[in-house]
Amino acid sequence: MFRESLWSLIQYLTAALLLVVLGIHILTHIPPFVETYHEGLSLESVRTNYRELGWVLLILLYVALFHGLNGIRGLAHEIIRNTRMLTIVNTALVLLFIILAAYGTYTIMKWA
Amino acid sequence: MARDVVKIRIKRYNPESKKIWWQEYDVPIIEGMTVLDALLYIKENIDSTLAIRYSCRMGICGSCGMLINGVPRLACYTQIGMLGTKTIVIEPLPNFPVIRDLATDFTLFFEKHRIVKPYLIRRDKYEQENPVREYRMLPEELDEIKQFVYCIYCGLCYSACPITGVDREYLGPQALMYAYRFIIDVRDEGFVERLNIVDDTHGCHRCHLALSCSSVCPKGVDPGYAIQMLRKMLLHRNLGKLKIRTRGSPVVEPLKHTPKYAKKPPQPTIENPQWENSI
């Protein structure tokens, strides 16, 4: 599909984007943005985040999923020699991305 | 007077019986003796069935690569005194199929070398097939490729690479380094072809930057650097920033600063009408 260098470029870009959105995500769970660490993990605080920063969490969901699964794809290319098995693994990773992204999106939208 | 003796422990393999075993030999050593000297001593005086590959005995041909005390080295380049152990463990090079004892099969290694087109490519195919003059190159441009030209195809980098160990289709440090060597060669015009070759699933992006290839090279070549530069070039190509210097045409007249006492360069043996128009 893509050339390997393009996969790598996307991997670099998603890593950079992860630093930003993951940073925001962590900040929303620690003082002074919440009163205590415990409060940051409460259902109400999480729902507030879904409501107010839903777009950040959606980006985090898609970018983290892509970055992680693309990393697994790279490892699969190194250790799996059977072309058919490789196709199966790649297809499974794409399906996994779709299912987890859909489930995550549904959760954020439902609780927002 | 008793001479110092070193124990040589060799991993042996017999392809007929498919048997693998370890065998030990006591070899009397003299100052400056190399591992290859010790192996030849064994072959001549103790066990003539031992299979080894060697040729020049002076680190030029790259034939006698083997795993010596766990590190890929050239047997002719490694002095016994330098190792500092009373027992020397010798095995065939990892990542290569073993033919017999310490002799390994380089077929796949050279196939991968051929994949990257290790020769000058010119856009003008007529000129490529019928060269008549040398291509001009500045000394500083030569310096850029010089370290890579020193490669002797010994396969030590290939055997040290952890990725080659798990991914058989990975081009390997030697082939990738050679691709880079020709891409940055100003006389070459085949960089697009080569970049496409190394931009494969099993190309330069599989490198994990272990750099064991660079650390074992007996000639000081740095394949790890070359691979990272390939990745940088591909990144720049994706961002539309790739710049490659090439020379448009071969030398058409003697260099300006050719000393008067120098002989005249040979005249073209084949005329190409395309060049006449381009001059």
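Summary of computed values
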quantity: Residue check, B:Arg168 at pLDDT below 95, more than 29 Å from B:Cys207 (Cα to Cα) and not in a helix (DSSP H, G or I); calculated: no
quantity: Test: residue in segment A:7-15 that is out of contact with any helix residue (DSSP H, G or I) (no Cβ under 7 Å at 6 or more places or on another chain), without any contact (Cβ under 8 Å) to a residue 40 or more places away in the chain, surrounded by 11 or more Cβ atoms within 10 Å (Cβ to Cβ) and more than 10 Å from chain B (Cβ to nearest Cβ); calculated: yes
quantity: B:Leu138 in contact with a Gly (Cβ under 9 Å, 6 or more places away or on another chain) and among the hydrophobic types (A, V, I, L, M, F, W, C); calculated: no
quantity: Hits in segment A:1-39 (condition: β-branched (Val, Ile, Thr) and either under 30 Å from B:Arg194 (Cβ atoms) or assigned to a helix (DSSP H, G or I) (or both)); calculated: A:Ile10, A:Thr14, A:Val20, A:Val21, A:Ile24, A:Ile26
quantity: Test: residue in segment B:235-244 that is more than 14 Å from chain A (Cβ to nearest Cβ), over 17 Å from the mean Cα position of the chain (by Cα) and not aliphatic (A, V, I, L, M); calculated: yes
quantity: Failed criterion for B:Ser48 (all others in (1) touching a Lys or Arg at 6+ places or on another chain (Cβ under 9 Å); (2) farther than 23 Å from B:Pro162 by Cβ hold); calculated: (1)
quantity: Unique match (being away from chain A (no Cβ under 14 Å), at pLDDT below 90 and surrounded by fewer than 20 Cβ atoms within 10 Å (Cβ to Cβ)) among B:Glu111, B:Glu127; calculated: B:Glu127
quantity: Any chance A:Leu43 is of a type in the set (A, V, I, L, M), at negative phi and either modelled with pLDDT of 90 or more or loosely packed, with under 14 Cβ neighbours inside 10 Å (or both); calculated: yes
quantity: Residue check, A:Thr107 away from chain B (no Cβ under 13 Å) and either surrounded by 13 or more Cβ atoms within 10 Å (Cβ to Cβ) or of a type outside the set (A, V, I, L, M) (or both); calculated: yes
quantity: Top-ranked residue in segment B:42-58 [being in contact (Cβ under 8 Å) with a residue 12 or more places away in the chain and charged (D, E, K, R); ranked as farthest from B:Arg100 (Cα to Cα)]; calculated: B:Arg57
quantity: Cross-chain or 6+ apart pairs with Cβ under 7 Å, segment B:189-201 first and away from chain A (no Cβ under 13 Å), then in a helix (DSSP H, G or I) and of a type in the set (Lys, Arg); calculated: none
quantity: Of all residues in segment B:215-232 being assigned to a helix (DSSP H, G or I) and buried (at least 19 other Cβ atoms within 10 Å of the Cβ), the one that is nearest to the other protein chains (Cβ to nearest Cβ); calculated: B:Arg231
quantity: Test for A:Glu44: is it assigned to a helix (DSSP H, G or I), free of Cβ contacts under 8 Å to residues at least 24 places away in the same chain and within 13 Å of chain B (Cβ to nearest Cβ); calculated: no
quantity: Criterion (surrounded by 15 or more Cβ atoms within 10 Å (Cβ to Cβ), away from every other protein chain (no Cβ under 14 Å), among the hydroxyl-bearing types (Ser, Thr, Tyr) and closer than 30 Å to B:Ile29 by Cα) met by exactly one of B:Tyr178, B:Tyr153, B:Tyr158, B:Tyr135; calculated: B:Tyr153
quantity: Unmet criterion (only one of (1) assigned to a loop (DSSP other than H, G, I, E, B); (2) modelled with pLDDT of 95 or more; (3) over 21 Å from B:Cys157 (Cβ atoms)) for B:Ala2; calculated: (2)
quantity: Lone unmet requirement of (1) of a type in the set (Ser, Thr, Tyr); (2) crowded, with 22+ Cβ neighbours inside 10 Å; (3) more than 12 Å from every other protein chain (Cβ to nearest Cβ) for B:Thr164; calculated: (3)
quantity: Qualifying positions in segment B:53-96 - surrounded by fewer than 17 Cβ atoms within 10 Å (Cβ to Cβ) and among the hydroxyl-bearing types (Ser, Thr, Tyr); calculated: B:Ser55, B:Thr85, B:Thr87
quantity: Residue within segment B:142-165 that is part of a helix (DSSP H, G or I), among the charged types (D, E, K, R) and in contact (Cβ under 8 Å) with a residue 12 or more places away in the chain present; calculated: yes
quantity: Residue tally, condition in contact (Cβ under 8 Å) with a residue 40 or more places away in the chain and in a helix (DSSP H, G or I), over segment B:104-141; calculated: 9
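Yes or no, residue by residue, for (1) without any contact (Cβ under 8 Å) to a residue 40 or more places away in the chain; (2) surrounded by 12 or more Cβ atoms within 10 Å (Cβ to Cβ); (3) under 15 Å from the mean Cα position of the chain (by Cα):
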{"site": "A:Pro32", "(1), (2), (3)": "yes, no, no"}
{"site": "A:Thr48", "(1), (2), (3)": "yes, yes, no"}
{"site": "A:Leu61", "(1), (2), (3)": "no, yes, yes"}
{"site": "A:His77", "(1), (2), (3)": "yes, yes, no"}
{"site": "A:Asn82", "(1), (2), (3)": "yes, no, no"}
{"site": "A:Ala101", "(1), (2), (3)": "no, yes, yes"}
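The values are calculated or read from the model by the stated rules, or taken from the named source; none is laboratory data. Because the structure is a prediction, the values reported are computed rather than measured. As a convention, Cβ positions derive from the backbone with ideal geometry for all residues, glycine included, and neighbour counts pool all protein chains shown.
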